[in-house]
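Engineer: This is the structure, below, for whatever I ask next.
The values are calculated or read from the model by the stated rules, or taken from the named source; none is laboratory data. Just so it is clear, the structure is predicted and the values come from calculations on it, not from any experiment. Every residue, glycine among them, receives a Cβ derived from its backbone with ideal geometry; neighbour counts consider all protein chains shown.
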Amino acid sequence: MNTVTKRIFVAATQQNDGKTTTAVGLIAALSKSLGRIGFIKPVGQRFVDYDGNKIDEDTMLINETFDVNTPVEAMSPIAVEPDFTRRYIEHQNNENLVRRIQNSFDRASWEKDFCIIEGTGHAGVGSVFDLSNARVAKLLSSKVLLVTQGGIGRPIDEIVLNKALFEKEGVELVGVILNKVLPEKMDYIADFARRGLERLGVELLGVIPIEPMLAKATLIQVAERVGGDFIHGARQGMRRVDRVIIGAMNSIHVMEHFSPGTLVITPGDREDVILAALSITSLHEREEGQIAGLVLSGDLKPHKRILDLINASNLPTILSPHDSYTVASLINTMTIKTLPGDRKKISRIQELISQHIQVQRLLEKIQ
């Protein structure tokens, strides 16, 4: 296995702490100073079908955002399918999995100046099939950068737990990034977290503020989450949703809640609410001033004359089989991932990492 190319394993204390955000930003920052950057996510839990292969979603984001010049299947060697764990327990094929990961790393790091390795979940995820994040970092001879959510007490407690598992595998934790910190508490959190981590022999390498844009779903993501299809405006699927309301009141009252970026959920037979949304849309020529879109619940299509008005409008409309309450609940609990092609969000991520992470210090720690 390649032991020459410098590398870092980006881990987290729990899911959705910001591993992919960190990886995207680091690739952009390191490519400016080092040159060719490779990427691999050895074990993926959320995947898509791509040319007959199951490829991790985050790997697809990296592949479509950067010129990594690596076969996508080499960047995502293992996809944990629903029956993966059962099959592993029955057959115990660890040597094959290890070989697949190491061979894929060789391809991902070939002729690269640096390689980013992205973990999945906390340090122990994957232990059930003998490929925890700590174990994979050991297999790939990588040091670890740990990402956790902002705060002082709870993040440090979680860091201690993760650090212990990495140390058990003989893997060095080179530093920590605190993510999603309230902007008004940045200095306060950074000061006390740094002092608390120093007592544990861990260095704080960055504090990233909460960025509201990164937590906003697009209409494409909403449609997927609610099991819906666009009946109009699919081309505007990258619109972001700022807030969600259920249009269960009469049209006069519901219009008081229409503001730019609002997603309106209403049964497909509530023609008064639909017409109110259409009228507000017609008043704003600029997209920035319009409501985000409309979700028609209950699999109810409006009358043809209403559909004709929707099709002639600038109002993206999704039809979902679920009732309004279920649609709202599904949206409220969805995990927001960065999609390939979301240039504004990707650009903002790169800015955040460049501004708030000590990239040069990270490289010194790896040396």
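Engineer: Among the strands (runs of 3 or more DSSP E) contained in the range 135-214, which hold 3 or more residues that are assigned by TED's automatic domain parsing to the domain that holds ALA23 and hydroxyl-bearing (Ser, Thr, Tyr)?
Structural biologist: Counting at least 3 such residues, we get no strands (runs of 3 or more DSSP E) at all.
Per-residue answers, yes or no, for (1) under 29 Å from the mean Cα position of the chain (by Cα); (2) modelled with pLDDT of 90 or more; (3) surrounded by fewer than 21 Cβ atoms within 10 Å (Cβ to Cβ):
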| position | (1), (2), (3) |
| --- | --- |
| GLU285 | no, no, yes |
| LYS301 | no, yes, yes |
| ILE306 | no, yes, yes |
| ASN314 | yes, yes, yes |
| SER329 | yes, yes, yes |
| ARG343 | yes, yes, yes |
| ILE353 | yes, yes, no |
| GLN360 | yes, yes, yes |
| GLU364 | yes, yes, yes |
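Engineer: Next question. Wholly within the range 42-99, which helices (runs of 4 or more DSSP H) include no fewer than the required count, namely at least 1 residues that are among the charged types (D, E, K, R) and surrounded by fewer than 16 Cβ atoms within 10 Å (Cβ to Cβ)?
Structural biologist: So the answer is 57-65, 84-91.
Engineer: Need a quick list: strands (runs of 3 or more DSSP E) entirely within the range 218-328 having at least 1 residues that are in contact with a helix residue (DSSP H, G or I) (Cβ under 9 Å, 6 or more places away or on another chain), aromatic (Phe, Trp, Tyr) and under 28 Å from GLU57 (Cβ atoms). Reasoning before the result, please.
Structural biologist: Details: elements: 229-232, 243-246, 262-267, 293-297, 317-319.
Answer list for the range 218-328: 229-232.
Engineer: ASN103: in a helix (DSSP H, G or I) and at pLDDT 95 or above, yes or no?
Structural biologist: When the stated conditions are applied, ASN103 passes them.
Engineer: Please enumerate the residues belonging to the range 158-183 that are surrounded by fewer than 17 Cβ atoms within 10 Å (Cβ to Cβ) and within 19 Å of GLU351 (Cα to Cα). First the steps, then the outcome.
Structural biologist: First, pick out the residues of the range 158-183 that are surrounded by fewer than 17 Cβ atoms within 10 Å (Cβ to Cβ): 160-161, 164, 167-170, 172, 182-183.
Once the filter is applied, which keeps residues that are surrounded by fewer than 17 Cβ atoms within 10 Å (Cβ to Cβ) and within 19 Å of GLU351 (Cα to Cα), the range 158-183 yields LEU182, PRO183.
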